[in-house]
1. Counting only residues that are under 14 Å from the mean Cα position of the chain (by Cα) and in a strand (DSSP E or B), which one in the stretch 1-12 is farthest from GLU90 (Cα to Cα)?
2. From the list ALA61, ALA37, ALA68, ALA85, which one is under 16 Å from the mean Cα position of the chain (by Cα) and more than 28 Å from ARG169 (Cβ to Cβ)?
3. Does the stretch 156-168 include one or more residues that are in contact (Cβ under 8 Å) with a residue 60 or more places away in the chain and not in a helix (DSSP H, G or I)?
4. Could you check how many residues of the stretch 14-34 are under 15 Å from the mean Cα position of the chain (by Cα), buried (at least 21 other Cβ atoms within 10 Å of the Cβ) and not in a helix (DSSP H, G or I)?
5. Hey, could you check the stretch 46-105 for residues that are polar (S, T, N, Q) and open to solvent by less than 70 Å² (accessible area, probe 1.4 Å) and say which is nearest to SER121 (Cα to Cα)?
6. Name the residue that is most open to solvent (accessible area, probe 1.4 Å), counting only residues in the stretch 174-198 that are aliphatic (A, V, I, L, M) and modelled with pLDDT under 95.
Amino acid sequence: MTKTVLFWRHGQTDFNVAGRFQGQSDVPLNDTGRAQAEQAAHRLAELGPELIVSSDLSRAAATADSLASVVGLEPLRDERLRETAFGEWEGSTRAEVAETWPDELAEWASGADIAPPGGESRSQSGSRVAAAITDIVESAEASTIAIVAHGAVLRGAAEMLLEMNGTGRLGVLGNCGHGELGFTGDNWILRSWGAHSL
């Protein structure tokens, strides 16, 4: 049986608006983000999720709860689905980071697989989340599973599962954007990416 796996990014936060690195800081949804999640939940409900698993960070958890309330499920939390840890960059804008770590930021922004001070590299966080998603999907009896998490790790995990090697070709999902992958038991198949649920 081929399983359908929905990769759904959380709604907007104030850090998103300000362009701040969120990472594993527990930044909640703002009013716009809550409205986005409620609206998108009705669209995603049409895809028939039978299992909802989210990051335990509140912005993803609240987004997952909006879908769970529509489809009548109890969402599960999994800390392995947390966003990339950006270490000492968390809470800062790129301009602020550039004041202290200009070379490191430039290298990171170029796509190099480096970790911010005290944080994770793209490959580290992508591997963490890809392994978590594989574990969740392989152990689930559900045929359609919603994974509710964060922009950087959803992209990184999807690219690893699709054997793109974290190239950045998929692009980051917008707030409450989603992608759909199929899992045959042996292979992952990209069905769509970057769909807006709003």
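1. VAL5
2. Unique residue meeting the criteria: ALA61.
3. Among the residues of the stretch 156-168, not one is in contact (Cβ under 8 Å) with a residue 60 or more places away in the chain and not in a helix (DSSP H, G or I), which makes the answer no.
4. Counting residues in the stretch 14-34 that are under 15 Å from the mean Cα position of the chain (by Cα), buried (at least 21 other Cβ atoms within 10 Å of the Cβ) and not in a helix (DSSP H, G or I) gives 5.
5. THR84
6. Going through the qualifying residues, I end up with LEU198.
The values are calculated or read from the model by the stated rules, or taken from the named source; none is laboratory data. Bear in mind that the values here come from a model prediction, so they are computed numbers and not experimental data. Note: ideal-geometry Cβ built from the backbone for every residue, glycine included; neighbour counts use all protein chains shown. Quick note on the areas: whole protein, heavy atoms, side chains included, nothing else; ligands and nucleic acids left out. Shrake-Rupley method; radii C 1.70, N 1.55, O 1.52, S 1.80 Å.
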